[in-house]
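Visitor: This is the structure, below, for whatever I ask next.
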Amino acid sequence: MTTMTDTLHDILGRIQGFMDDEVYPLEESTRGQDWADLVPLLEEKRERVKALGLWTPHLSEAWGGLGLTLADFGRVSEQLGRSPLAHYIFNAQAPDVGNMEILIEHGSPAQQERFLWPLLRGEIRSCFSMTEPEHAGSNPVVMSTTAVKDGSDYVLNGHKWFTTAADGAAFAVVMAVTNPEAESPYARASQILVPTDTRGFRLVRNISVMGEEGGGWASHAEVVYEDCRVPQANLLGREGAGFAIAQERLGPGRIHHCMRWIGICERAFEMMCAYAAHREVAPGKPLATRQTIQNWIAESRAEIDAARLLVLDTARQIDDAGAYASRISVSVIKFFVAGILQQVLDRAIQTHGALGMTDDTPLAYWFRHERAARIYDGPDEVHKARVARQVMKAYGVKL
Ligand SMILES: Cc1cc2nc3c(=O)[nH]c(=O)nc-3n(C[C@H](O)[C@H](O)[C@H](O)COP(=O)(O)OP(=O)(O)OC[C@H]3O[C@@H](n4cnc5c(N)ncnc54)[C@H](O)[C@@H]3O)c2cc1C
C-alpha cells in the first residue's frame with residue numbers, strides 16, 4: 001500500500017469529522033423517511049460541505065473539485081460510502097457524477113452552461129437512460145429507442161427502465177439509435193440531452209425495487225419517450241459515439257462504486273465486531289467468544305483489505321494508462337468487490353440476529369439496496385467471461 005499524501009490525509013480527516021458530527025446523527029434521526037422530507041435537511045448539510053471546501057470532491061480544481069487522482073478520490077469515496085446519505089451530501093452521487101464527467105469531456109459550451117454548471121452547483125439532478133425492458137441490458141447494443149432527425153431537431157421514441165434518479169431530475173442523458181446503418185453495432189447509438197419537462201418525456205412509474213419505490217434521487221424509473229423533440233444541439237459529442245462515451249464513464253464509475261462498497265463493508269464490519277463484543281449468548285460469554293463469529297471477523301477483515309488493495313491498484317492503473325488499458329482489472333474488481341460486499345453484509349446481519357433484520361440499523365437497507373451491485377454496471381457473469389476470455393488468450397483459446 002502506498003503512503004497517503006499529507007493533503008489526502010487532511011481531507012480524509014476533515015471528511016471523517018463531518019461524518020461523525022453531521023452525517024451519522026442525521027442518518028440515525030431520519031431513517032425510513034421519504035425523500036421529499038429528507039431534501040431540506042440534506043440541503044442544509046450540502047451548504048455546510050460547500051462552506052468547508054469539500055464540495056464535488058471527485059472533480060478537478062478547475063471545475064470546483066479537490067483535484068484528486070482517481071486513486072485518492074477512491075479513499076474519499078470509501079469514507080462517504082459509510083453512510084447512505086454522504087455521497088449525495090457531497091454532490092458526488094451516481095448517476096450525476098458520471099453525467100458531470102461526460103459533460104465536462106464532451107459538452108459544448110452551451111450544454112455546459114445549461115446542464116453542467118447547475119449540476120455542479122447542486123441546483124439540479126440528472127439521470128442516465130439506457131436500459132430497456134425489452135432487451136438484455138448486459139448487451140445494450142441491441143436497443144429499440146431511436147432519435148430521428150426532423151428539421152433542426154431529433155425526435156426520440158422508446159421505452160426505458162431503471163433510469164435511476166429520474167424522478168425529479170432536470171434532464172436525462174438518453175442513449176438512442178441515430179445511425180442504424182453503421183456497420184459496427186457500437187457506432188449506432190448517440191447520447192442526447194433531454195430536459196425532463198420536454199413534451200413526450202413520460203415517467204410511467206417509480207419501479208418498486210426490493211419492496212421500496214424510493215422517490216427523487218432514490219428512484220428507479222420506467223420512462224417512455226413519445227415523439228419527444230429536442231434540438232440537434234442537444235447531441236452530446238459526436239453522432240454514433242454513444243457507446244464510446246458510455247465506456248469512458250464506466251471505468252472510473254466502477255472505482256467509485258467499489259470504494260463506496262468498501263466503505264459499506266467497513267461500517268458493517270465495525271458494527272458486527274461491536275455487537276459481537278457485547279451481546280452475551282451465555283452469562284459472561286459475548287458472541288465474540290464463539291468460533292464461527294471469530295471466523296467471520298477474520299475472513300471479513302482479510303477480504304475487505306484484499307478488495308481495497310485491488311481497487312486502489314486498478315485506480316492507479318487508470319490514473320497512469322486510462323480506463324481502456326485497465327478494463328480487465330476493472331472487470332476483476334467489479335465482480336470481486338460486489339461479492340465481498342454481499343458476504344460481509346450477510347455476516348453482519350446474521351451476527352445481529354433479529355436486530356439485523358430491522359431498519360434500526362443501516363444493515364437491512366444496504367442488504368436490500370446493494371444486492372443490485374452484482375447486476376448494474378455489468379452483471380458478474382459478463383465481467384467473469386471478459387476476464388476468462390483475456391486469460392485464455394495466452395493459452396491459444398479464443399472464447
Ligand atoms: C439498482 C439498479 C440501478 C440501475 N440504474 C440504471 C441506470 O441509471 N440507467 C440505466 O440505463 N440502467 C440502469 N440499470 C440497469 C442495469 O444496467 C441492467 O440491469 C444491467 O445492465 C443488466 O441488464 P438486464 O437487467 O437487462 O439483464 P440481462 O442482460 O437480461 O441479463 C440477465 C442475467 O443474465 C445473465 N447474463 C447476462 N449476460 C450473460 C453472459 N454473457 N454470460 C452469462 N450470463 C449472462 C446475468 O446473470 C444477468 O443478471 C440499473 C439496474 C439496477 C438493478
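Visitor: Can you give me the % of accessible surface on the chain that is carbon or sulfur? Probe 1.4 Å, all protein chains present, nothing else counted.
Guide: With neighbouring chains kept in place, the figure for the chain is 53 percent.
Visitor: Using a Förster radius of 45 Å, what is the FRET efficiency between GLN232 and ARG279 based on their Cβ-Cβ separation? Nearest 0.05, please.
Guide: 0.10
Visitor: Using a 1.4 angstrom probe with every protein chain in place, what is the largest-first accessible-area order of TYR154, TYR324?
Guide: Ranked list, largest accessible area first: TYR324, TYR154.
Visitor: Under 20 Å from a point 7 Å along the Cα-to-Cβ line of GLU181: which residues of region 142-156 have their amide N that close?
Guide: Output list for this probe position: 143-156.
Visitor: Could you pull out every residue, at least 5 positions away or on a different chain, whose amide H is within less than 5 Å of the one on ALA241? Hs are placed 1.01 Å off N in the peptide plane, and Pro or chain starts have none.
Guide: Those lying under 5 Å, H to H, from ALA241 are GLN191.
Visitor: Here's another thing I want to ask about it. Please build a GNM for the chain, connecting alpha carbons under 10 Å apart, and tell me which residue among ARG301, ARG249, ARG327 fluctuates the most.
Guide: Highest fluctuation among the options: ARG301.
Visitor: Could you give each residue of region 154-164 its phi-based ³J(HN,Hα) in whole Hz, using Karplus coefficients 6.51, -1.76, 1.60 with θ = phi - 60°, and x for Gly or Pro?
Guide: 10, 10, 9, 9, x, 9, 10, 8, 6, 7, 5
Visitor: Are there any GluC sites (Glu not before Pro) in region 161-218 that are in a DSSP loop and have at most 12 other Cβ atoms within 10 Å? List them by number.
Guide: GLU181, GLU183
Visitor: Which FRET efficiency value, to the nearest 0.05, do you get for GLN342 and GLU28 by plugging their Cβ-Cβ distance into 1/(1 + (r/R0)^6) with R0 = 30 Å?
Guide: Calculated transfer efficiency: 0.75.
Visitor: May I pose another question? Using every alpha carbon pair in region 326-387, what percent of pairs falls into each 5 Å bin from 0 up to the bin containing the largest distance?
Guide: Pair shares across the bins are 4, 19, 25, 17, 13, 10, 8, 4, 0.
Visitor: Work out from phi, with θ = phi - 60° and the Karplus expression 6.51 cos²θ - 1.76 cosθ + 1.60, the ³J(HN,Hα) of each residue of region 231-241, listed in order in whole Hz, and give x for Gly and Pro.
Guide: Calculated HN-Hα couplings, in order: x, 4, 5, 8, 5, 9, x, 7, 5, x, 9 Hz.
Visitor: What angle do you read, to the nearest 10 degrees and between 0 and 90, between the alpha-carbon axis of helix 291-321 and the longest principal axis of the chain?
Guide: Once rounded, one gets 40 degrees.
Visitor: How would region 1-123 be classified by its alpha-carbon gyration tensor: rounded, prolate or oblate, with rounded meaning a/c under 1.5 and the a/b versus b/c comparison settling the rest?
Guide: Oblate, because a/c is 1.5 or more while a/b does not exceed b/c.
Visitor: Going 7 Å from the Cα of ASP380 in the Cα-to-Cβ direction, what parts of region 210-242 have a backbone nitrogen less than 19 Å from that spot?
Guide: The answer is 210, whose backbone nitrogens lie closer than 19 Å to the label point.
Visitor: With r as the distance between the Cβ atoms of THR358 and ALA244 and R0 = 45 Å, compute the FRET efficiency 1/(1 + (r/R0)^6) and round to 0.05. Intermediate results must be reported in sequence, preceding the final value.
Guide: Numbers: r = 46 Å, r/R0 = 1.02.
For ALA244 and THR358, the calculated efficiency is 0.50.
Visitor: Calculate, for the chain, the solvent-accessible area per residue in square angstrom, rolling a 1.4 angstrom probe over the heavy atoms of the protein chains.
Guide: On the way: 18010 Å² over 399 residues.
The answer is 45 Å² per residue.
Visitor: Still on this structure, I have one more. Just the number, please: Stokes-Einstein D of the chain in µm²/s, Kirkwood Rh from C-alpha pairs, 37 °C, 0.692 mPa s.
Guide: 148
Visitor: At 0.36 nm per residue, minus the direct Cα-Cα distance, what do SER108 and TYR395 gain on full extension? Give it in nm, one decimal, please.
Guide: Taking SER108 through TYR395 to full extension adds about 98.7 nm, to one decimal.
Visitor: Turning to a different aspect of this structure: If you rank PHE201, PHE367 by how much accessible surface each has, with a 1.4 Å probe, what is the order from largest down? Intermediate values should be presented prior to the final figure.
Guide: Working: PHE201 30, PHE367 85 Å².
If we order PHE201, PHE367 from most to least accessible, we get PHE367, PHE201.
Visitor: At 7 Å along the Cα-to-beta-carbon direction for both ALA321 and SER60, put a label point, then send me their distance in nm to one decimal.
Guide: Here the answer is 2.3 nm between the modelled labels.
Visitor: Here is a follow-up. List, in the order given, every pair from LYS334/LYS398; LYS285/LYS334; LYS160/LYS334 whose Cα-Cα distance in the structure shown is over 28 Å.
Guide: Table pairs above 28 Å Cα-Cα are LYS285/LYS334.
Visitor: Looking only at ALA302, ALA36, ALA62, which one moves most when the chain is put into a Gaussian network model with springs between Cα atoms under 10 Å?
Guide: Per the Cα network of the chain with a 10 Å cutoff, ALA62 tops the list.
Visitor: Cα axis of helix 6-18 to longest principal axis of the chain: angle in degrees, 0 to 90, nearest 10?
Guide: The answer is roughly 80 degrees.
Visitor: Additional query: From the residues GLN191, HIS159, ASN179, which one has its Cα farthest along the dipole of region 114-195 in the positive direction, the dipole being from +1 and -1 charges on Cβ of Lys/Arg and Asp/Glu about the Cα centre?
Guide: The listed residue farthest towards the positive side: GLN191.
Visitor: May I pose another question? To the nearest 10 degrees, how steeply does helix 96-106 sit against the main Cα axis of the chain, on a 0 to 90 scale?
Guide: For 96-106 against the chain, the angle is about 40 degrees.
The values are calculated or read from the model by the stated rules, or taken from the named source; none is laboratory data. Given the structure is predicted, the values throughout are model-derived calculations rather than measurements. Methodologically, a virtual Cβ is constructed for each residue, glycine included, from the backbone with ideal geometry; neighbour enumeration extends over all protein chains shown. We work out accessible area using only protein heavy atoms, side chains counted, and drop any ligands, DNA or RNA first. Shrake-Rupley method; radii C 1.70, N 1.55, O 1.52, S 1.80 Å.
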